[in-house]
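Take a look at the structure below.
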Amino acid sequence: MTAGTLALIILVAILAQVGVAAMIEIYRRRRQARDLDEHGGMSRTLAADPAPDMPTDGPSSAAEAWTGFREFSVKRREFEDEGRSICSFYLEPCDGKPLPAFRPGQFLTFRLAVGDPAEGESKNVVRCYSLSDSPRRDHYRVSIKRVPAPPDHPDAPPGVSSGCFHDHVQVGDRLMIRPPSGHFHLIEDELLPIVLIGGGIGITPMLSILNSVLERGIGREIWLFYGVRNGSEHVMKGYLQALADKHDNFHLHVCYSAPGADDVEGIDYDHRGRVDLPLLRNTLKLARYQFYVCGPKPMMESLVPGLEEWGVDSGDIYYESFGPATLVKHEKPAPATTGAHPVKITFSRSGKLLTWDPAAGSLLEFAESNSIDVDSGCRAGSCGSCQTALTAGEVEYSQQPDADIEPGHCLLCIATPSCDLVLEA
Ligand SMILES: Cc1cc2nc3c(=O)[nH]c(=O)nc-3n(C[C@H](O)[C@H](O)[C@H](O)COP(=O)(O)OP(=O)(O)OC[C@H]3O[C@@H](n4cnc5c(N)ncnc54)[C@H](O)[C@@H]3O)c2cc1C
Ligand code: FES
């Protein structure tokens, strides 16, 4: 073989390699654009600018919030994880009027009529679901996880509302929804770097915050630490990776606590284990951040106090519970007595005078265990369903109420008595 032939072969080999690399890059970019397109319609701008249908001028300047329930129809539904346990629902108002914006991190409250096979009739169920995308004028999105019976009660009925969404709510169906609300939301007074920590379905408010910050295109530094068990539960995997590839200011860290046989560290996920304080300390620079935390009970109970112990100012830590199982701060237990006598609770409408039992946990559970009929929904101080007039006495809350409470009322689900009470129930 002559030197000229050898040089030609080498040249052809190099050109072939360059060609293959270019084709892989084109494929990667097309996939990235498709992933972004499917989850928020951001491929037009690759999230550098606000999407055209997104309010850019803050929540208050958009349409007015409605009161009570408003009718929405389901425009689209799609699963977000390989295991098909989390499904997104895109919701359009039936009156066709523009939607008020919301603060990223807030939730919607739904009233569903759920069939009761035992009784052959339906009952109303109230539940809250976080908005999982940035504000848009024509639709909202929520992403709902199917909740099975708990492992220690395998015979219990599965989650009523989540099961209804997954099994029965279809495109075109109508749903009754209260306006966006909640005190857990993105704070924009100070443009500090943001650390989002989402465990399991606690990713939903983080998605809303993340999309909103990136769409604004102001380069605010944002970190997402996302913990799931394994690849089958990894929500919007391609979409999140595409965002991280596209934005230098977005840093994604995915943790699998129990990776599956096909899950590859460094490709499917970044860290084996849970999102914990050592990971945060090793990854984040020493600086001031805003921390947003939402996840299952063990994550909340370790991380929220852990961050404070690490020296993070409690005013820079925002967290949300998704239900009674994830409440974080239980202040001092409610007293069983006031001075010499036991605490008395009068339920005036039911005509019952009862002695408070601190083991009940909350006034809602105390009422239910004494067969007093009280409305409830989230059981976490969020939806306002259990609001009850308090005609005498004072209550204490185990966490900051999310629902706005009318004067002279209290939320039974997160309240315990400070003294004798008279409740209109
Ligand atoms: C502010 C807020 C935001 C939220 N955002 C989201 C979100 O974005 N996405 C999301 O998926 N969820 C979210 N949630 C949680 C959601 O509101 C519901 O709590 C969740 O869907 C479960 O409701 P369910 O009706 O399906 O289950 P439920 O019917 O309330 O049942 C809950 C559990 O109790 C078990 N159970 C039922 N009966 C018994 C019994 N007799 N004994 C023992 N166990 C029993 C069920 O099997 C189930 O495991 C949010 C909650 C709040 C408060
Ligand atoms: S049940 Fe929702 S606030 Fe009490």
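Comparison of 277, 286, 307 shows that the only residue that is at negative phi and surrounded by 20 or more Cβ atoms within 10 Å (Cβ to Cβ) is 307.
I'd like the residue in segment 302-336 that is in a loop (DSSP other than H, G, I, E, B) and within 27 Å of residue 147 (Cβ to Cβ) and, out of all such residues, is modelled with the lowest pLDDT.
Ranking the candidates gives 327 first.
Inspection of segment 355-368 finds a residue satisfying the criterion of being within 16 Å of ligand 2 (Cβ to nearest atom), out of contact with any strand residue (DSSP E or B) (no Cβ under 9 Å at 6 or more places or on another chain) and at pLDDT 90 or above. Of all residues in segment 75-89, which are part of a strand (DSSP E or B) and either away from ligand 1 (no atom under 14 Å from the Cβ) or touching a Pro at 6+ places or on another chain (Cβ under 6 Å) (or both)? Of everything in segment 75-89, those that are part of a strand (DSSP E or B) and either away from ligand 1 (no atom under 14 Å from the Cβ) or touching a Pro at 6+ places or on another chain (Cβ under 6 Å) (or both) turn out to be 75, 76, 78. So, residue 410, is that one of a type outside the set (Val, Ile, Thr) and either surrounded by 22 or more Cβ atoms within 10 Å (Cβ to Cβ) or more than 18 Å from residue 345 (Cα to Cα) (or both) or not? The answer is yes for residue 410. In segment 384-404, the residue that is surrounded by the most Cβ atoms within 10 Å (Cβ to Cβ) out of those that are more than 9 Å from ligand 2 (Cβ to nearest atom) and over 17 Å from residue 365 (Cα atoms) is 393. For segment 136-162, the candidate set comprises residues that are basic (Lys, Arg) and in contact with a Pro (Cβ under 9 Å, 6 or more places away or on another chain); within that set, the residue that is surrounded by the fewest Cβ atoms within 10 Å (Cβ to Cβ) is 137.
For segment 264-274, the condition holds for no residue, the condition being that it is among the hydrophobic types (A, V, I, L, M, F, W, C) and surrounded by 14 or more Cβ atoms within 10 Å (Cβ to Cβ). Within segment 368-387, residues that are over 11 Å from residue 128 (Cα atoms) have Cβ atoms under 7 Å from residues that are of a type in the set (S, T, N, Q) and away from ligand 1 (no atom under 12 Å from the Cβ) in these pairs: 372/350; 374/388, counting only partners at least 6 apart in sequence or on another chain.
Of the residues 376, 398, the single one that is touching a Cys at 6+ places or on another chain (Cβ under 9 Å) and among the polar types (S, T, N, Q) is 376.
Is segment 248-259 home to any residue that is in contact with a His (Cβ under 6 Å, 6 or more places away or on another chain) and surrounded by fewer than 18 Cβ atoms within 10 Å (Cβ to Cβ)? Looking through segment 248-259, none of the residues is in contact with a His (Cβ under 6 Å, 6 or more places away or on another chain) and surrounded by fewer than 18 Cβ atoms within 10 Å (Cβ to Cβ).
Residue-by-condition table, conditions (1) within 19 Å of the chain's Cα centre (by Cα); (2) within 28 Å of residue 90 (Cβ to Cβ); (3) at pLDDT 95 or above:
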{"site": "217", "(1), (2), (3)": "no, yes, no"}
{"site": "232", "(1), (2), (3)": "yes, yes, yes"}
{"site": "266", "(1), (2), (3)": "no, no, yes"}
{"site": "271", "(1), (2), (3)": "no, no, yes"}
{"site": "283", "(1), (2), (3)": "no, no, yes"}
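The values are calculated or read from the model by the stated rules, or taken from the named source; none is laboratory data. Predicted model, so just to flag it, every value in this text is computed and none were measured. Backbone-built Cβ (ideal geometry, glycine too); neighbour counts: all protein chains shown.
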